[in-house]
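The values are calculated or read from the model by the stated rules, or taken from the named source; none is laboratory data. For clarity, every value in this text was computed on a predicted model and none was experimentally measured. In this analysis, Cβ positions are derived from the backbone assuming ideal geometry, glycine residues included, and neighbour counts consider all displayed protein chains. To get the accessible areas, we keep the full protein, side chains included, count just its heavy atoms, and leave off ligands, DNA and RNA. Shrake-Rupley method; radii C 1.70, N 1.55, O 1.52, S 1.80 Å.
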Amino acid sequence: MLLSNLDLLATAPGGVARLRELILTLAVQGKLVPQDPADEPASRLLEKIEAEKERLVAEGKIKRGKPLAEISEEEKPFALPTGWEWVRLADVVQVLNGRAYGKQELLDAGTPVLRVGNLFTSNHWYYSNLELEPAKYCEQGDLLYAWSASFGPFIWSGPRAIYHYHIWKLEPFSRDGFDTRYFHIYLKEKTAEIKAAGHGVSMVHMTKEKMEKIVVPYPPLAEQSRIVTRVEELMQLCDALEAKGRLEAAQHARLVSKLLATLTDSPNPEALAENWQRVSTHFDLLLDRPEAVDALEQTLLQLAVRGLLVPQDPQDEPASALLARIRAEKDRLIAEGKIKRDKPLAPITDEEKPFELPVGWEWASLAAVGVISPRNYVADDAFASFVEMRSIPVAFGEAHISEERLWRDIKSGFTHFAEGDVGVAKITPCFENGKSTVFQKLSNGVGAGTTELHVVRPLCGLIPQYVLLFLKSPAFLAAGESVMTGSAGQKRLPRAYFESTPFPLPPVPEQSRIVARVACLRHLCADLRQRLAASESTQAQLAEALVASVAG
């Protein structure tokens, strides 16, 4: 049943990870491989282990441990197959403590000191020059368990090392009857439960006493080996499913990118309509995952600022007239001392124009259509809105969040903006992620906020939402990312790029039609995402039900 439903499990959200969990669960319940009546039963193995423990105690090699409590029926989560036994971990292994390191374990050479981080993510090693008792070293093939902050079992495959005290070495009393790989499988399956039984808030710990009392389903040795072989086979199958999923996802992304590129490459609305018809017949194939819908939405933004989403109207006042009005308005504000005269910008050359504009449009710049980095002048005791970077949205159409503060508290040391201004994050990764917004519903119409913003104040009826479309368009973000300056993690978008990059300016009525069209299409994308989410939820529920039926 497990293998016959792999497609359902593998394609459900998180399906392969859930499949791995199921494999481990079935393994330790004895449901992955058949039992063989000819196998020496686990009870006989336990007798041999007990005899070996007595010998080691008699020779002074280990101390006699405290008697362990009998395993109650409540501690047995499922019925064992024939030939298996329930044991406590300390019945079959010594849980050995690692060493708390000091200055002598912080050297640049010597014996490696194995820390929890080295088992999970860190490649930085410390070394020691100490000579310790054998129990404080781990050797290749030893079973280890990290028990602080990060939890999990490992079969050590590195060189001889001193293991840190946040790691236990699980040393079997006898190799006869103990397959390290089976116990590794069991502890992987048990780790979530082990961690949940730990203590601590910011850093969870497990006690050795609790670890020793863990109840283990103990199979015959031959079956331990068969289980390990079967688990390895199925995990390789999971690896293949994940690789297949990654390959399919990559191929799908390339297909979506290529087909959507035919839309943005359309030279005119007529060609776009033809290309759209061709692509739309395959929407059921293309838009079957959320990331494809994201790509479509980005394509819509690019089409919007190219003038390909709505038809042009010859009756619209051309953008050249709007530019003339804006220039006159800026001259008036300069004459009244309300803004400073901006530096002349070089004309936009034909080489700088990324595409041909529709009739009635003009190439401009944000500096030519508005005021860059505007200032507010209001009374100190007036209320204003304060906006942090985390409150600025990524998606087009989402509103920023603000809080009310007195102007005197925010007028200095922060970026100014007013109702209808448009701001874009200038620092990495906020810029690349598309954090930008139209400032709206501000207290007294003014605000201030994060210093990591470039702001433009549109003039003469230029629609702020159209400017926002441009700032969120893939072409603007990609070109901006290529000119960011500064060190990694502190890269910023230069003001010169923000104020002078070529800006496609439509007539005002067309700006309004474009914004309305994008809003409508975004609603359709949101509905599509909702349907995909519902489908994924149903798929996940089916997979969960299958897992429960198999595991139960």
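Computed from phi, the 3J(HN,Hα) profile of the range 463-471 under the Karplus parametrisation 6.51, -1.76, 1.60 (θ = phi - 60°) reads 7, x, 5, 5, 4, 4, 4, 5, 5 Hz, with x in place of Gly and Pro.
Annotation: peptides 66-72, 289-295, ranked by per-residue average of other Cβ atoms within 10 Å with the highest first, follow the order 289-295, 66-72. In this simple spin-label approximation, H523 and S280 carry label points 7 Å from Cα along the Cα→Cβ vector, and these lie 1.7 nm apart.
Per-residue accessible area (protein heavy atoms, 1.4 Å probe) orders L106, L493 as L106, L493, starting from the largest. For the range 138-215, the set of chymotrypsin sites (Phe, Trp or Tyr not before Pro) satisfying both a DSSP loop assignment and a count of at most 16 other C-beta atoms within 10 Å is given as Y165.
Relative to one another, the C-alpha centroids of the range 147-179 and the range 195-225 are positioned 13 Å apart. Quick one: if the Förster radius is 30 Å, what FRET efficiency do K103 and E59 give, using the C-beta to C-beta distance and rounding to 0.05? The formula returns an efficiency of 0.25 here. This model, with +1 at the C-beta of Lys and Arg and -1 at the C-beta of Asp and Glu, gives the range 234-325 a dipole about its Cα centre of some 240 debye. For the range 356-413, the list of trypsin sites (Lys or Arg not before Pro) that fall in a loop by DSSP and count at most 16 other C-beta atoms within 10 angstrom reads R375.
The solvent-accessible area of K210, taken with every protein chain present and a 1.4 Å probe, is close to 90 Å². Of the residues L442, S482, T428, the one whose Cα sits farthest toward the positive end of the charge dipole of the range 368-513, with +1 on the Cβ of Lys and Arg and -1 on the Cβ of Asp and Glu, is S482.
Within the full protein context, the accessible area of E171 is estimated at about 50 Å² for a probe radius of 1.4 Å. Charges were assigned to the Cβ only: +1 to each Lys and Arg, -1 to each Asp and Glu. The resulting dipole of the chain about its Cα centre is roughly 1360 debye. Put a plus charge on the Cβ of each Lys and Arg, a minus charge on the Cβ of each Asp and Glu, and nothing anywhere else: the dipole of the range 20-104 about its Cα centre is then about 700 debye. Helical content alone sets the calculated 222 nm signal of the chain at -13500 deg cm²/dmol, taking -39,500 (n - 2.57) per DSSP H segment of four or more residues and averaging over every residue.
Within the straight-line cut-off of under 26 Å between alpha carbons, the lysines reachable from K244 are K188, K258, sequence neighbours fewer than 8 places apart in one chain being disregarded. If R0 is 30 Å, the Cβ-Cβ spacing of D294 and S412 corresponds to a FRET efficiency of close to 0.15. For the pair K353 and R495, the difference between a 0.36 nm per residue extended length and the Cα-Cα distance amounts to 49.2 nm.
To the nearest ten degrees, helix 221-264 and the longest principal axis of the Cα atoms of the chain are 10 degrees apart. Counting only protein chain heavy atoms and rolling a 1.4 Å probe, the accessible areas of K258, K213, K48 rank, largest first, as K258, K213, K48. Here r is the Cβ-Cβ distance between E50 and A149 and R0 is 41 Å; the resulting FRET efficiency, rounded to 0.05, is 0.70. Our estimate of slack between A335 and E536, defined as 0.36 nm per intervening residue step minus the Cα-Cα distance, is 66.3 nm. Residues in the range 409-414 carry Karplus couplings, in order, of 7, 10, 6, 10, x, 10 Hz; the curve used is 6.51 cos²θ - 1.76 cosθ + 1.60 with θ = phi - 60°, and Gly or Pro positions show x.
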